[in-house]
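The values are calculated or read from the model by the stated rules, or taken from the named source; none is laboratory data. All values derive from a computational prediction rather than experimental measurement. Cβ coordinates were reconstructed from backbone atoms using ideal geometry, including for glycine residues, and neighbour counts include every protein chain displayed.
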Amino acid sequence: MEDKYTQLSIAQYSQKLARELSDTFFTGTETVNDIAARHYTFDEQSVLLPGLTSASGEVWVAETGGHVARYQLRLDAGPDYFGDNVSGSRTLDYELRIPELEPSGLKLVGGRLLPGPFGPAAFCMYEGPSGERFTIYYARTDSPQTAMRYREGDRFAALYWVERGLAYVVSGPPERERLLSIAQAAYDQIDKSTPQAK
């Protein structure tokens, strides 16, 4: 049987799986990282990867926006999955933490889980009281640590930095002090609660 998930990143796979789960696997609603979410469970019949002997997992899908808020998978597999006559187990655990920026005057209007260079990446969009838009992107990286840097264009500006294996970009209108305040608020919530990249 052809594996329909072979070419997908973990982020794309978890989103595709969340869309395909039927209410048969629905277990209820829960709050995950302050996100109201629908909780589903699944097994190897839902995963459809070659070489699996068993699999079990859970996925929490945001009620607003439909993005994956948390994803857990444990699988046991043979050489068809791992290759080179290797059998074993694999555990994947992913959580999306969306910064709460209402105290900074920003309302979350959307977010996406995106494929990043080293696993899932988060992209969040916020709106200010005058309709101005701000975005936050963060993802794992192997780039060396950098100090916060500011770049400004005609209509937009960005602050970006790398710390402890995570890359951050905060963009919005070219108001340096406001961007700095938003970046600090986002950083305090994301970095302090995220396990270190390995």
Within the bounds of the stretch 9-28, is there any residue that is modelled with pLDDT of 70 or more, within 30 Å of Asp188 (Cα to Cα) and either outside the structural domain of Ala186 (by TED's automatic domain parsing) or outside any helix (DSSP H, G or I) (or both)?
no
Can you name the condition, by its number, that Ala147 falls short on among (1) loosely packed, with under 15 Cβ neighbours inside 10 Å; (2) small (Gly, Ala, Ser); (3) out of contact with any strand residue (DSSP E or B) (no Cβ under 9 Å at 6 or more places or on another chain)?
(3)
Taking first residues from the stretch 70-81 that are touching a residue at least 12 places away in the same chain (Cβ under 8 Å) and over 27 Å from Glu30 (Cβ atoms) and second residues anywhere that are assigned to a strand (DSSP E or B) and of a type in the set (Val, Ile, Thr), the pairs with Cβ under 7 Å that are 6 or more apart or on different chains are Ala77/Thr53; Gly78/Thr53
Looking for whichever is out of contact with any helix residue (DSSP H, G or I) (no Cβ under 6 Å at 6 or more places or on another chain) and either within 30 Å of Leu52 (Cβ to Cβ) or assigned by TED's automatic domain parsing to the domain that holds Ala69 (or both) here; the options are Pro174, Pro144, Pro117. Which one fits?
Pro117
Flag for Tyr187 being under 29 Å from Gln72 (Cα atoms) and assigned to a strand (DSSP E or B)
no
Say we look at the stretch 76-103 and pick out the residues that are of a type in the set (A, V, I, L, M) and within 28 Å of the chain's Cα centre (by Cα); which of these is surrounded by the fewest Cβ atoms within 10 Å (Cβ to Cβ)?
Leu92
Residues being at pLDDT 90 or above and assigned to a strand (DSSP E or B): count how many of those fall in the stretch 90-123.
1
